[in-house]
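Here the structure comes first, spelled out in structure tokens, and everything after it is commentary.
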Amino acid sequence: MVYENEDVANIYNGYTLIQRKEGFRFGTDAVLLSDFFQGKKNGKILEIGTGNGIVSILLAAKEKISKIKAIEIQKEVAELAMRNIKRNNLQEVIELVNEDIKNIKEGNTYDYIISNPPYMVLDGKEINEKDIKSIARHEIKLNLKDFILNSKRLLKPRGELFLVHKSYRFLEIANELEKNGFSIKRVRFVHYSKDKDASLVLVEASKGRKNIFKIETPIFLNDN
């Protein structure tokens with residue numbers, strides 16, 4: 001069922017996604033992240049902060065995975081994600097858990113973690129800390145430090161972390177990853193056009209394994 005305050009987006013090869021008209025809606029970052037993922041299909045995969053389920057559904061639709069656990073802290077958002085999972089008949093592929101990632105007790109368990117985490121730091125400006133959109137965008141429930149710390153805890157040794165974030169926070173991301181024993185493997189910057197500075201960055205990093213650092217060809221959205 002699609003409610004009056006919702007609409008439906010066609011996302012990939014017949015797969016669809018229910019979204020709230022006025023709520024948090026998926027963007028290009030989710031699509032780019034699903035394309036950036038290079039894990040083995042049968043690996044044990046965790047998505048942190050699934051939102052309406054877009055990234056996990058795209059990974060399943062593109063046959064990049066056979067099974068994934070998707071974590072979402074907000075109950076109302078998790079209920080929407082579950083409706084999207086059922087709508088696309090992916091109940092056997094995507095396991096949805098409504099929980100704070102800090103409460104997931106599965107240390108050294110996952111081969112891969114993928115996430116489109118909150119981008120915006122809390123800078124003292126007034127924010128509605130109960131608003132669905134604010135929680136998705138701002139580091140209210142999960143900041144970068146805790147995100148990386150929990151990713152380290154949950155990943156197996158030599159496990160891989162995939163994330164998309166704002167490009168201006170790349171050095172902060174790199175520093176936190178290094179402090180927690182990660183080695184960056186791949187980075188890809190995303191620009192709206194060739195005459196614009198990078199707006200997003202895609203990062204793959206390994207837990208407890210040294211990599212040869214690779215900066216991939218940038219993405220220019222207006223050319224794709």
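Of note:
- Förster radius 25 Å - calculated FRET efficiency between A9 and E95, Cβ distance, rounded to 0.05: 0.60
- Peptide ranges 160-167, 77-84 listed from the most packed, as the mean C-beta count within 10 angstrom indicates: 160-167, 77-84
- Pairs beyond 27 Å (Cα-Cα), from K64/K152; K44/K196; K75/K179; K105/K141; K21/K156: K44/K196; K75/K179; K21/K156
- Mean residue ellipticity (222 nm) of the chain, computed from DSSP H runs ≥ 4 via -39,500 (n - 2.57), nearest 500: -7500 deg cm²/dmol
- Cα radius of gyration and Dmax for the chain (Å): 16.7, 51
- For peptides 200-208, 11-19, sequence by mean Cβ density within 10 Å, most packed first: 200-208, 11-19
- Taking a straight line from the alpha carbon of K214, these aspartates and glutamates sit under 12 Å away, with near neighbours fewer than eight places off in the same chain left out: E204.
- Highest-first arrangement of 2-9, 59-66, 147-154, 101-108, where packing means the average Cβ count within 10 Å: 147-154, 59-66, 101-108, 2-9
- Only one residue of G107, Q19, P117 has its Cα farthest out toward the positive end of the dipole of the chain, where Lys and Arg carry +1 and Asp and Glu -1 on Cβ, and that residue is G107.
- Separation of region 168-224 and region 29-105, taken as the distance between their Cα centroids, equals 22 angstrom.
Bear in mind that the values in this text are calculations on the coordinates, not laboratory data. Computed from a predicted structure; not experimentally measured. Glycine gets a Cβ as well: all are built from the backbone with ideal geometry, and neighbour counts include every protein chain shown.
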